[in-house]
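The values are calculated or read from the model by the stated rules, or taken from the named source; none is laboratory data. Everything numeric in this text was worked out from a predicted model, so none of it was measured. Here the Cβ positions follow ideal geometry from the backbone for every residue, glycine too, while neighbour counts run over all protein chains shown.
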Number of protein chains: 2
Amino acid sequence: MGTVLSVGHNVSAEVASLPRSNDAARPLDGHRERVLPGIWKMSFGTAERATPVSMRQFLPAKESLAKLTVVEDAPVSIKAELSHRGCVLRIPLAEGERVYGLGLQLYSHEQRGKKKVLRVNADPHSDSGDTHAPVPFFVTTRGYGVFIDTARYATFYVDALHTPEEMAEAAAEPPRKPSAAASSIVIEIENVAGAEAYIFAGPSMKEAVQRYNLFSGGGCLPPDWGLGFWYRVAGDSTQERVMEYAKQFRERRIPCDVIGLEPGWQSHAYSCTFVWSSVFPDPKSMIQSLQTMLFKTNLWEHAFTHPTSPLFDKLNGHAGNYAVFGGRVPDFAEAAARQIFGDYHKEHLVDLGVSGFKLDECDNSDFTGSWSFPELSRYPSGLDGEQMHSVFGLRYQDAILGAFSKAGKPTYSLVRCSGSLAAPYPFVLYSDLYDHRVFIRALVNSGFSGLLWCPEVRNGENTEDLIRRLQSVVFSPVAMVNAWYIANPPWKQVDTDKNNRNEFAENWQHTEDLCREIIGWRMQLVPYLKAAFERYHDDGTPPFRALVMDYPHDERLSNIDDQFLVGDRMLVAPVFAGQATRRITMPVGRWCDFWTGETVEGGGSFEMTTRLDRIPVYVKWGSVFPIGGSGSSTQDPATRQISVRVYGDGSLPFLLGKRDAESGLQLSYDGAKSKGNAVEGASGYSIKNWEVMR
Amino acid sequence: MGTVLSVGHNVSAEVASLPRSNDAARPLDGHRERVLPGIWKMSFGTAERATPVSMRQFLPAKESLAKLTVVEDAPVSIKAELSHRGCVLRIPLAEGERVYGLGLQLYSHEQRGKKKVLRVNADPHSDSGDTHAPVPFFVTTRGYGVFIDTARYATFYVDALHTPEEMAEAAAEPPRKPSAAASSIVIEIENVAGAEAYIFAGPSMKEAVQRYNLFSGGGCLPPDWGLGFWYRVAGDSTQERVMEYAKQFRERRIPCDVIGLEPGWQSHAYSCTFVWSSVFPDPKSMIQSLQTMLFKTNLWEHAFTHPTSPLFDKLNGHAGNYAVFGGRVPDFAEAAARQIFGDYHKEHLVDLGVSGFKLDECDNSDFTGSWSFPELSRYPSGLDGEQMHSVFGLRYQDAILGAFSKAGKPTYSLVRCSGSLAAPYPFVLYSDLYDHRVFIRALVNSGFSGLLWCPEVRNGENTEDLIRRLQSVVFSPVAMVNAWYIANPPWKQVDTDKNNRNEFAENWQHTEDLCREIIGWRMQLVPYLKAAFERYHDDGTPPFRALVMDYPHDERLSNIDDQFLVGDRMLVAPVFAGQATRRITMPVGRWCDFWTGETVEGGGSFEMTTRLDRIPVYVKWGSVFPIGGSGSSTQDPATRQISVRVYGDGSLPFLLGKRDAESGLQLSYDGAKSKGNAVEGASGYSIKNWEVMR
């Protein structure tokens, strides 16, 4: 990970005076400064002091940035003006230029032609910009990115917005698709007297994203167990019941690394006490027993602190002036509040062996019935509620991460809100929404903005839906079934009521067999995923990303938001329930079917007949590909006995762990007849066999 | 209607200076003034100049206001403070007090516990406050209303929002439903240095709504033809095809008053020219022919003016600085722009015989792909785009209304955006959304905010869905089928593609028979609806309204948003496709089944088995009820030969037209054996027969 800033800094909201009349907007002089290789900062007027950059807790990964392609000149220029409403920024758009990003956008992929208000919202139901993780950063197919350093709900008009006069001058028939003409991106930030923006050179769109991620501190590196399979048990589980779940997984030979507990573990959950409920009489022994069975433990919580919590009084003077669920809202913009909160978590939970948390409800759930603090809230740090919403998810992550750092332990956790400069955070986003198609689009889009996303599985409309969702989630940052509202695993019964009455489906063992196999795929993927995350850390390449990021000039791929790339050589095309066939669009080059090794010529599209027991996956022709061994969890040494698959001519070697001898693995293949060469790491990796795919 | 202000006034946006530091919010002194009977104005700080009240075009209906219950003291007090973000207002809420209103809210009925941002949005998909017609006016079950006089997207926290300290003081277990405790409504208006609010006394919730509607100018009075049946023809229709539709309606004996034309009538529609397309070679003769067949003509349009329109140059200097669809956006906040726009419409369209318009796309459709102007727009009147969005629908209606006023003709029109103080406007809202359940909730909620709503019918999932939707729409302000995307009436074929290929359903004549009967119900309702609108005009009672408005203290009715009241004696409970049974909750008192006369004791709930050919409708026991005669349109004198139904003991006389001798009708019944007494108006109404329901 990047460097964590050791001291908190004072943040205070400060807004200089705006034009307060009927005057026209006045232009603002811009100051441009090269701050890092290929990164320029532009400053206009008097920017606010509380911004994502001013509050950052990770420093840029300078050494890694220095290794990217050298770009001498800023690839784009920004203009600004000040109106009575706030600051307006303009960035020119060329004819045909395409725009991506703006955070976890659930309802659209390409952003050109859209208006987006980057408002944090737990229940985003339309393509208006509302999301769990808005990020004022975009990249374009011209190979650059721009980050607006603001904690306000900025409005992006990613569009032409021609004046009528310009339009009248143009041809008689104005285009309805404005992307056909040169225009501009216009960004309005209300209630500020200036702004700072960062320009990220490419020269490719992917390198612009890499630069943004490295500027953020570089991508996170999850521990191995984070890449195994996760299962969240029913919310009303007792300590005894949790152990039964654990035994069941081992007895049924279903791999599982992480058991997650839902609200019932706490003595009071809305708001939270962060104290164990009486139905968990000996949590320490439970966590130890789980560890003995090779399980890690993850705990649900949110930050709103109940009056009966030991933290309540400690947060006096370090909280907002509005309650949520009757609980205090910690002022996580303050180092003091983060430390109080983090220290409590270390002492009472992390030191007990808890490996991670699920940070719920931190995403402005106020449209779900006042489930959050108002934008007009005030915090001792000087932030108002709007700014706090934009940074709350990340600063909450900082508090939790502080607990693990002090304990000297890694974590890989879940969070329902994130935002700007998030790449170094080992936290994966999730949502209470549950549309499989939307979940996949979120996964595709997450890579543009330094975010990780889990298309979690709960149950399914039917068995097919369950299988399709599970096949997707094992090709994502966290392979998780979140069965918080059902008593039994969904493969025993997808119907919620029947599941809770222990009425299992007639053929549940068959469904379990299918699911066991799919979860097994995840275990096989772990070494490959580790390498993908290693790149995320080292050069900022998102481990999960859109096709257009690697192939920005292939128009056919410009709006493919139901396929994605994993690591440096894999393409996944999830199938949705009900699809008897599925159209797949392949990038240029030669590819191989991951399952059969069959060669697929790229550059075209084809309709494939789906199979319930397979998700379409392709790897680059020539790939040498590690397949992890089977075992009950990644802590099982058997999982490190790998098979090596050789696709095509095996000319693409595989490399893991050049910087981490603990997990090193170097695989190359030197000819169709030979068995290839393998350098195994010190971590216990060993080669079980080589398999040359046809 | 109320008085139309004769002169436009200068409106300019002016924002005085806000606190610009980290200071706490400072309290604002409030000034309270009684402005009309039972209406108080409270002023805080320096309010903006461009507000709904400052821009109003109708004066309050003072004489009608003087007739309401006398209330000496303001029923509630408001406090305000100024922060660096803007102005915050607080209104106390009592334990158990319930809140309704805030405009055309589609996703919730009772507002307590909700956060709502009153943003104009053409595609409201969640319960966040976005709507076609936001209105910063609410009423509560304590019998008062508050109107915040702002054109900003105000945020309403209709909720407790206890501070943590208050919560800690309260009992250990804070309530998750905050409505159980006393709290307050908190309203934030950003970017303003003060605000004005109006308090409307009841003493009942209904009277508070009446007072608001009379303050707005009193309810509109539609012409008779507006209350008949409307049909919008396929968007690509030619003049010849329009006449074929008209003939078909008469041949198939389906009553129809209004034929509506969609975008294809114009030479260019996105943006608009307001000039007839060449496929309408002689619109004047078409409109005259339609009139001869007793049809009125309604034209689709929006306000964004294409460069080839004769209006384009005239609007030079009277338009915003951003184009929409490449067209000029008229500055309708200016009297000059309204006059230019209205005069053109009078001369070229109204004088031709056009009876009304459908004003589309005026509702901030920018989340639908930049289909509107940005909030950062500027207008010559001084308004910015946010303010303009809040008033655009109404000021557009003013421009169109001006055309009809000058021509001395009434109109009844459609609009996709409305807002504050809209009661006098003879315009009915509609939406491109199409969920029947949501459409009924909109109808229920519209009555709280001086709005009229049409749950328009297009086609249906299946015949049942079509029938259910049609049964609902005939009990609404406009009984309309909007068949703009299908070539034939939906009763011939609900499937869009088959309909457009002229492949009719096998049993379409049977479906047509059912629909003819339902449309006939509408014709029968016209006299009753006229009386309901007369009350809307005279005392402000909404013709369509929620049950809770008349029965605010009946907890059982507090969240009934799928039943509604029409006029002074009718209750409608729409059925949704797929409902084999339907739960109905009756207010106290005795009621009669509208169709059978059967007595239904109120005060309870019951599950009824539905019938495809009936929508559950009830009238108050004792009602004397006029049933209009059948005819091809309301212009057919046969429709004025009415039957009088007597329910129960006939002790509730019916009165229409006490103020309008043209349409007068007074019906009372003096005993089970007699035929009752009728005073018929000068309008041609005559009594055909009396029918005593069992």
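Numerical summary
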quantity	calculated
Sole residue being in a loop (DSSP other than H, G, I, E, B), away from chain A (no Cβ under 12 Å) and in contact (Cβ under 8 Å) with a residue 12 or more places away in the chain, chosen from B:Ala333, B:Ala246	B:Ala333
Among residues of region B:159-205, those that are among the aliphatic types (A, V, I, L, M) and at pLDDT 90 or above, counted	11
Residue check, A:Glu347 within 14 Å of another protein chain (Cβ to nearest Cβ) and of a type in the set (D, E, K, R)	no
Selection status of B:Trp690, at pLDDT 85 or above, aromatic (Phe, Trp, Tyr) and more than 27 Å from B:Phe564 (Cβ to Cβ)	yes
When residues of region B:138-163 are limited to those that are closer than 16 Å to B:Leu93 by Cβ and among the aromatic types (Phe, Trp, Tyr), the one farthest from the chain's Cα centre (by Cα)	B:Tyr157
Answer residue from region A:369-381, given it is over 14 Å from A:Arg119 (Cα atoms) and at pLDDT below 90 and is farthest from the other protein chains (Cβ to nearest Cβ) among those	A:Trp371
Matching residues, region A:394-433, being out of contact with any Pro (no Cβ under 6 Å at 6 or more places or on another chain), in a loop (DSSP other than H, G, I, E, B) and of a type in the set (Phe, Trp, Tyr)	A:Tyr425, A:Tyr430
Residue under evaluation A:Val619, criteria (1) closer than 29 Å to A:Glu464 by Cβ; (2) part of a loop (DSSP other than H, G, I, E, B), criterion not met	(2)
Test: residue in region A:382-390 that is of a type outside the set (S, T, N, Q), part of a strand (DSSP E or B) and at the interface with chain B (Cβ under 10 Å from one of its Cβ atoms)	yes
Members of region B:265-286 that are part of a helix (DSSP H, G or I) and either of a type in the set (A, V, I, L, M, F, W, C) or surrounded by 20 or more Cβ atoms within 10 Å (Cβ to Cβ) (or both)	B:Trp265, B:Pro283, B:Met286
Enumeration of residues in region A:390-438 that are aromatic (Phe, Trp, Tyr) and touching a residue at least 40 places away in the same chain (Cβ under 8 Å)	A:Phe392, A:Tyr396, A:Phe404, A:Tyr412, A:Tyr425, A:Phe427, A:Tyr430
Given (1) of a type in the set (A, V, I, L, M); (2) within 23 Å of B:Asp224 (Cα to Cα); (3) in contact (Cβ under 8 Å) with a residue 24 or more places away in the chain, index of the condition B:Val646 fails	(2)
B:Gly226 being more than 13 Å from B:Leu89 (Cα to Cα), at pLDDT 85 or above and touching a helix residue (DSSP H, G or I) at 6+ places or on another chain (Cβ under 7 Å)	no
Tally, over region B:468-486, of residues that are closer than 22 Å to B:Arg611 by Cβ, in a loop (DSSP other than H, G, I, E, B) and within 14 Å of the chain's Cα centre (by Cα)	2
Conditions (1) within 30 Å of B:Pro410 (Cα to Cα); (2) within 14 Å of chain A (Cβ to nearest Cβ); (3) out of contact with any helix residue (DSSP H, G or I) (no Cβ under 7 Å at 6 or more places or on another chain); number of the one not met by B:Asn364	(3)
Qualifying residue in region A:371-386 (condition: free of Cβ contacts under 8 Å to residues at least 24 places away in the same chain and surrounded by 23 or more Cβ atoms within 10 Å (Cβ to Cβ))	yes
Residue in region A:264-277 that is closer than 19 Å to A:Thr411 by Cα and either among the aromatic types (Phe, Trp, Tyr) or away from chain B (no Cβ under 14 Å) (or both) present	yes
Inter-residue pairs, beta-carbon under 7 Å, first within 11 Å of another protein chain (Cβ to nearest Cβ) and in region B:310-323, second basic (Lys, Arg), 6+ apart	B:Phe312/B:Arg328; B:Leu315/B:Arg328; B:Ala319/B:Arg328; B:Gly320/B:Arg378; B:Asn321/B:Arg378
Residue match in region B:218-232 (condition: surrounded by fewer than 22 Cβ atoms within 10 Å (Cβ to Cβ), of a type outside the set (Ser, Thr, Tyr) and under 19 Å from B:Phe325 (Cβ atoms))	no
Matching option when the condition is among the hydroxyl-bearing types (Ser, Thr, Tyr) and at pLDDT below 95, among A:Ser663, A:Ser605	A:Ser663
Output for region B:268-326, where each listed residue is at negative phi and among the small types (Gly, Ala, Ser)	B:Ala269, B:Ser271, B:Ser277, B:Ser278, B:Ser285, B:Ser289, B:Ala303, B:Ser309, B:Ala319, B:Gly320, B:Ala323
For A:Asp127: the one exception among (1) farther than 22 Å from A:Glu375 by Cα; (2) out of contact with any Asp or Glu (no Cβ under 6 Å at 6 or more places or on another chain)	(1)
Candidate set: region A:87-111, residues that are more than 20 Å from A:Tyr198 (Cα to Cα) and modelled with pLDDT under 95; chosen: the one surrounded by the fewest Cβ atoms within 10 Å (Cβ to Cβ)	A:Glu95
Among residues of region B:323-354, those that are among the charged types (D, E, K, R) and over 23 Å from B:Asp282 (Cα atoms), counted	4
Those residues of region B:493-532 which are of a type in the set (Lys, Arg) and within 23 Å of B:Gly264 (Cα to Cα), in sequence order	B:Lys498, B:Arg501
Test: B:Asp398 is surrounded by fewer than 24 Cβ atoms within 10 Å (Cβ to Cβ) and within 20 Å of the chain's Cα centre (by Cα)	no
Of residues in region B:295-308 being within 11 Å of another protein chain (Cβ to nearest Cβ) and in contact with a strand residue (DSSP E or B) (Cβ under 8 Å, 6 or more places away or on another chain), the one surrounded by the fewest Cβ atoms within 10 Å (Cβ to Cβ)	B:Pro307
Enumerated strands (runs of 3 or more DSSP E) restricted to region A:60-153, each holding at least 2 residues that are in contact (Cβ under 8 Å) with a residue 12 or more places away in the chain and within 14 Å of chain B (Cβ to nearest Cβ)	A:79-82, A:86-93, A:99-103, A:114-117
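Residue by residue, here is whether (1) surrounded by fewer than 24 Cβ atoms within 10 Å (Cβ to Cβ); (2) in contact with a Ser or Thr (Cβ under 8 Å, 6 or more places away or on another chain); (3) β-branched (Val, Ile, Thr) holds:
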{"residue": "B:Ile199", "(1), (2), (3)": "no, no, yes"}
{"residue": "B:Ser237", "(1), (2), (3)": "yes, no, no"}
{"residue": "B:Gln248", "(1), (2), (3)": "yes, no, no"}
{"residue": "B:Ile254", "(1), (2), (3)": "yes, no, yes"}
{"residue": "B:Leu261", "(1), (2), (3)": "no, yes, no"}
